[in-house]
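Asker: This is the structure I want to talk about, given as structure tokens.
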Amino acid sequence: MSSHGAPIPMTSHACGPLTGEAQVPGDKSISHRSLILGALSVGETRISGLLEGQDVLDTAQAMRAFGAEVTDHGGGDWSVHGVGVGGFAEPENVIDCGNSGTGVRLIMGAMATSPIAATFTGDASLNGRPMARVTDPLTLFGTQAFGRAGGRLPMTVIGAVHPVPVEYTVPVPSAQVKSAVLLAGLNAPGKTIVIEAEATRDHTERMLAGFGAEITVEETEAGRVITLTGQPELTPQRIDVPRDPSSAAFPVCAALIVPGSDVRVPGIGLNPTRAGLFTTLREMGADLTYENERFEGGEPVADLRARFSPDLKGIEVPPERAASMIDEYPVLSVVASFARGQTGMRGVKELRVKESDRIDAMAKGLRANGVSVDEGPDWWTVTGLGHGNVPGGGLCASALDHRIAMSFLVLGMATQKPVRVDDAGPIATSFPIFEPLMAGLGAQIKRINR
Ligand code: S3P
């Protein structure tokens, strides 16, 4: 959906201990890919634990528009009757990807080598984000793209009639760009090669292999070299979507900063390309443990246990870890506010082109609540005040960004005065049950009557 309804302002008040179990929803990245790869298979893919956030629902709707039959069986169980690689139909209408960069970029890749045209749009956040990073490599296949100035949506993509395979070195650490090229490579004859200097989340590679594509990954001096053989017949799968570490981050971080807390977050995907936040928190002195470590559906999974951690210390987050925690810097900056000393976050230019400019959005909101933040183009530092010393009392703009809204609501759980967020509506894109889940643990988040 290209816009959500009226703003939903909320206030988060300091609360007693957070306790209990937090059943967070399915992984957003894997949910998008399950629907898209299901649509590119021949036959029925069954998915359980799909994230039913608006971003993923928009991708489900898009897959229907390209000809797949997508059915919601209730309780997170979905099925997709795919049309096969190269089988996408031309959509009759504009594809609205709402707030989702992952949705639009992966779908552009998936249709780019079929002889069809599609026009894509999104909400004000998505329509401001750079798409040339995806359409540039897609043109190498023979695809054409016509959008607004600066490569922005709305944009029409005309798929290549006679696609050729490509070799492409991804210039920015982006799983979305890598995935778009790989999905386009599916319908090009021969071998498509993608090289990434820095490892980014590898769900597309793992899932393509699971769906029966011929794909190899080689670690070389130049980085990860991924080679995909085009025009496979993808075989439908049963997919159990693990729970999202990026959503788990919120109850985990809240537990670390609220006195007396002890929260279990079961069944969290801990793919090493996603788990950087948890490593960082432990380095800061967080009482965070992994219990019951196991493998589910090819992904490492564990139950997380997070307890109040009064002696957090600021650290330098290694820049080479950035890709594995790129969506978690906003909530990390909240934890850093309660640590002693500075937390430095470098090599994070990508934060400026997410659902919002996340450095700018967090810096403004943290400052409004008495926390000092310094920033540059690709870095920022937060000067922690120590537990119990963060003033709060400020109003924060969520900037159409779910993770910014949730981060500031977590902040208010441990500040001296309540923290207000102008619009918590965007939370529905990735974590629709955030409010009742956090309330169930003991959080005091209140909707403000306007
Ligand atoms: C995602 C990749 C990341 C991440 C986004 C989800 C994905 O973006 O920020 O929330 O599912 O591939 P980039 O690939 O642009 O870094």
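Asker: For Ile95, list long-range residues whose amide hydrogen, built 1.01 Å from N in the peptide plane, is under 5 Å from its own amide hydrogen.
Answerer: So Ile95 has HN proximity to Thr119, Phe120, Thr121.
Asker: In whole Hz and in residue order, list the ³J(HN,Hα) couplings for region 362-371 that follow from phi through the Karplus curve 6.51 cos²θ - 1.76 cosθ + 1.60, θ = phi - 60°; x for Gly and Pro.
Answerer: In residue order, the calculated couplings are 6, 4, 4, x, 5, 4, 4, 10, x, 9 Hz.
Asker: Hey, what did region 28-173 get for relative contact order, percent, Cα under 8 Å, at least 6 apart?
Answerer: That works out to 19 percent.
Asker: Just need the relative contact order of the chain here, percent rounded to a whole number, with Cα pairs under 8 Å and 6+ apart.
Answerer: 20 percent
Asker: May I ask you to order 12-23, 93-104, 131-142 by the average number of other C-beta atoms within 10 Å around their residues, highest value first?
Answerer: The packing order, highest mean first, is 93-104, 131-142, 12-23.
Asker: What shape does region 28-238 have by the C-alpha gyration tensor, where a ≥ b ≥ c are the square roots of the eigenvalues, rounded means a/c under 1.5, and otherwise prolate means a/b greater than b/c and oblate the rest?
Answerer: It comes out rounded by the Cα gyration axes.
Asker: Let me ask another. Checking the a/c ratio against 1.5 first, then a/b against b/c, what shape does the Cα gyration tensor give for region 60-119?
Answerer: Oblate shape, in that a/c is at least 1.5 and b/c is the bigger or equal ratio.
Asker: Cut-off 10 angstrom, C-alpha nodes, Gaussian network model of the chain. Which of Pro310, Pro318, Pro173 fluctuates the most?
Answerer: Largest GNM mean-square fluctuation: Pro318.
Asker: At 222 nm, what value in deg cm²/dmol follows for the chain if DSSP H runs of at least 4 each add -39500 (n - 2.57) and the sum is divided by all its residues, to the nearest 500?
Answerer: That comes out to -8000 deg cm²/dmol.
Asker: Also, quick follow-up: So how far, in whole Å, is the C-alpha centre of region 267-292 from the one of region 141-182?
Answerer: 34 Å
Asker: Rounded to whole Å, give me the distance from the Cα center of region 334-383 to that of region 402-450.
Answerer: Using only Cα atoms, the two centres lie 19 Å from each other.
Asker: Just the number, please: carbon plus sulfur as a percent of the accessible area of the chain, 1.4 Å probe, no ligands or DNA/RNA counted.
Answerer: On the chain, the fraction of accessible area on carbon and sulfur atoms equals 51 percent.
Asker: Ignoring ligands, DNA and RNA, what accessible area per residue does the chain give at 1.4 Å, in Å²?
Answerer: Value returned for the chain: 35 Å² of accessible area per residue.
The values are calculated or read from the model by the stated rules, or taken from the named source; none is laboratory data. Being a predicted model, the structure only gives us computed values, none of them experimental. Using ideal geometry, Cβ is built from the backbone for each residue, glycine included, and neighbour counts are taken over all protein chains shown. Ligands, DNA and RNA are stripped out before the accessible areas are found, and what is left, the full protein with its side chains, is counted by its heavy atoms. Shrake-Rupley method; radii C 1.70, N 1.55, O 1.52, S 1.80 Å.
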